[in-house]
Amino acid sequence: MNATTQAPVDGRSARWARHREERRAELLDVARHLIHENGPDVTMEDIAAASGTSKSIVYRYFEDKATLQQALGRSILSAMHAKLLDEMRELESEVGREPAADERIHAMIRAYVETAQRSPAVYRFVTRPSDGLNHFLNSVSRLVATFLSDDVPAPQIWAHGAVGFVEAAVDTWMTELQQQAAQDDPGTRRPLLTSDELVTYLITWLMKGMHA
């Protein structure tokens, strides 16, 4: 009797939870596109207007901008992780062995740089100094640690150091690109590193340090 009366409640709860998750994902997608188009200074009011809803509804799903920052960071990291796993499977199939540490780290750095370059505004939003940034970088560090080979000593410490180094380097590179793009006279622009060159330099610096 109890099982019979409880089942409909469980069904409604499951449907409501699924609806909330779908609605949250929709709002997050709207926020991502809005930030990509208009820059990292968009407000919760902007997101509400673009979603065709009220600000109070947005706050039901994201307590504040820091919560939104964390959610967007998790979404980016999840996509990055899926892409990395695909690349590792492809590489293992091509070379017939498990990818070496430098190959894994190269893929990680390339994915990070490509993510920043694909949408500078979203990258700036996710990596603004805050608890959201700390959460994002800690999550990236844990992901990097899982991609290291077993012979790397203190993988968590190395991963945190490497991520901090890469994040600072990419941030500086992105700033230089923005400053150059804002210059009125193209003739005064000095050559900057391409994304491929940046990845090559970063992996070289990191791996030399690891084997020193």
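Assorted remarks:
- Dividing the helix sum by the residues of the chain, where each DSSP H run of 4 or more adds -39500 (n - 2.57), gives a mean residue ellipticity at 222 nm of -27500 deg cm²/dmol.
- Longest segment of the chain lacking trypsin sites (Lys or Arg not before Pro) that sit in a DSSP loop with at most 14 other Cβ atoms within 10 Å: 1-96
- Restricted to Cα atoms, the chain shows a radius of gyration and a Dmax of 21.0, 81 angstrom.
- Förster radius 35 Å - calculated FRET efficiency between residue 33 and residue 98 (Cβ-Cβ, nearest 0.05): 0.40
- Ordering 159, 67, 137 by the projection of their Cα atoms onto the charge dipole of the range 59-180, which places +1 on the Cβ of Lys and Arg and -1 on the Cβ of Asp and Glu, puts 67 at the extreme positive end.
- Residues of the range 137-169 with amide N under 20 Å of a point placed 7 Å along Cα→Cβ from residue 24: 137-140
- Max mean-square fluctuation residue, GNM over the chain, Cα-Cα springs under 10 Å, options 66, 121, 79: 79
- Computed on the chain, with alpha-carbon pairs under 8 angstrom and 6+ residues apart, the relative contact order is 20 percent.
- Rg and Dmax of the range 47-171, both derived from C-alpha coordinates alone, stand at 16.7, 54 Å.
- Mean-square fluctuations from a GNM of the chain, with a 10 angstrom spring cutoff on Cα atoms, peak among 70, 117, 179 at 179.
- Under the span-like rule (Cα at least 27 Å along the axis, Kyte-Doolittle mean at least -0.5), DSSP H helices of the chain: 65-95, 155-182
- Pairwise centroid distance, computed over Cα atoms, of the range 101-124 with the range 17-65, Å: 25
- In the elastic network of the chain, a GNM with C-alpha springs shorter than 10 Å, the most mobile of 120, 129, 155 is 129.
- Contact order, relative form, for the range 16-96: 22 percent (alpha carbon pairs under 8 Å, 6 or more residues apart, mean separation divided by residue count).
- Dipole in debye (nearest 20) - the chain, about Cα centre, beta carbon charges: Lys, Arg +1; Asp, Glu -1: 740
Every number in this text was worked out from the coordinates using simple rules, so none of it is lab data. Model, not experiment: these values are computed from the prediction. Glycine gets a Cβ as well: all are built from the backbone with ideal geometry, and neighbour counts include every protein chain shown.
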